[in-house]
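Below is one structure, written out as structure tokens, with a few remarks after it.
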Amino acid sequence: MTAMNIVCFGFGQVAKKFIKKIKNDGVSFNLTTTSREDSKNKQLDDINYQSFQFTEKIFDKNFISKFEQADHVLISIAPTIRGDIVINKFKNYFKSKKIKWITYLSATSVYGDHGGEWVNENSETKPTSSNGIERLKAEKEWIQLSNKFDLPLQIFRLSGIYSNQYNILTRLKAGEAKIV
């Protein structure tokens with residue numbers, strides 16, 4: 001079996017857990033990630049990978065050749081007021097038909113206030129926070145891109161994923177939690 005070529009835009013807690021899971025499942029893969037830090041070779045447990053600098057303003061041009069080889073793409077970077085930075089910088093690179101899946105990690109803030117009622121993936125999206133509005137806009141951008149280039153897209157709406165170090169319990173203890 002040929003090794004998967006995975007590119008993770010952003011490499012936080014969820015992306016790292018995903019990579020560890022597929023490694024533990026015996027999946028063969030090559031990993032490339034992006035980070036705000038300078039480009040360098042890195043290691044996660046016993047997984048060697050290349051990390052390339054990528055921010056809203058700059059990115060390491062050496063990343064392009066790695067991205068062109070990707071057949072699996074995970075996006076865990078939050079959008080900005082100017083939209084999704086991955087789409088803004090790389091939308092034309094998604095023309096490749098060899099991409100087997102794109103996974104975009106969104107947030108439950110896209111649902112907005114449902115008055116305490118349960119929500120699920122079929123619930124109406126009516127975000128009220130700027131984060132929720134930006135996430136929903138980014139989701140729509142990813143859907144448009146997916147449709148334009150006939151690419152398989154998955155969107156996962158995650159709640160409260162900030163990290164083990166800055167989760168809701170940590171923020172509550174520090175008095176930094178936002179009551180919505």
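The values are calculated or read from the model by the stated rules, or taken from the named source; none is laboratory data. It should be emphasised that the depicted structure is a prediction, and the values quoted were computed from it without experimental measurement. Here the Cβ positions follow ideal geometry from the backbone for every residue, glycine too, while neighbour counts run over all protein chains shown. To get the accessible areas, we keep the full protein, side chains included, count just its heavy atoms, and leave off ligands, DNA and RNA. Shrake-Rupley method; radii C 1.70, N 1.55, O 1.52, S 1.80 Å.
Of note:
- Every pair of residues 6+ apart whose Cβ atoms lie under 7 Å, when the first sits in the stretch 89-110 and is under 17 Å from F63 (Cβ atoms) while the second is part of a strand (DSSP E or B): K89/F59; I99/V73; I102/V73; I102/L153
- Some residue of the stretch 37-49 being of a type in the set (V, I, T) and farther than 19 Å from G12 by Cβ: no
- Taken over the stretch 83-135, the criterion of being in contact with a Ser or Thr (Cβ under 6 Å, 6 or more places away or on another chain), within 30 Å of F67 (Cα to Cα) and hydroxyl-bearing (S, T, Y) is satisfied by T108, S109.
- Count of the stretch 122-142 residues which are of a type outside the set (D, E, K, R) and within 14 Å of the chain's Cα centre (by Cα): 3
- Any hit, the stretch 36-58, residues being part of a helix (DSSP H, G or I), surrounded by fewer than 17 Cβ atoms within 10 Å (Cβ to Cβ) and of a type in the set (V, I, T): no
- The single condition among (1) closer than 20 Å to I77 by Cβ; (2) open to solvent by less than 100 Å² (accessible area, probe 1.4 Å); (3) modelled with pLDDT of 90 or more that K140 does not satisfy is (2).
- Output for the stretch 26-43, where each listed residue is over 22 Å from A78 (Cα atoms) and touching a Leu at 6+ places or on another chain (Cβ under 9 Å): none
- Criterion violated by S51 - all others in (1) in contact with a Lys or Arg (Cβ under 8 Å, 6 or more places away or on another chain); (2) under 23 Å from Q154 (Cα atoms) satisfied: (2)
- Condition met for A78 (farther than 24 Å from M4 by Cα, within 14 Å of the chain's Cα centre (by Cα) and modelled with pLDDT of 95 or more): no
- If you filter the stretch 1-17 down to residues that are among the hydrophobic types (A, V, I, L, M, F, W, C) and under 21 Å from K98 (Cα atoms), you find that the one that is most open to solvent (accessible area, probe 1.4 Å) is M1.
- Residues in the stretch 101-124 that are out of contact with any Lys or Arg (no Cβ under 9 Å at 6 or more places or on another chain) and surrounded by 13 or more Cβ atoms within 10 Å (Cβ to Cβ): W101, I102, T103, Y104, V119, S123.
- Residue in the stretch 67-77 that is touching a residue at least 60 places away in the same chain (Cβ under 8 Å), in a loop (DSSP other than H, G, I, E, B) and β-branched (V, I, T) present: yes
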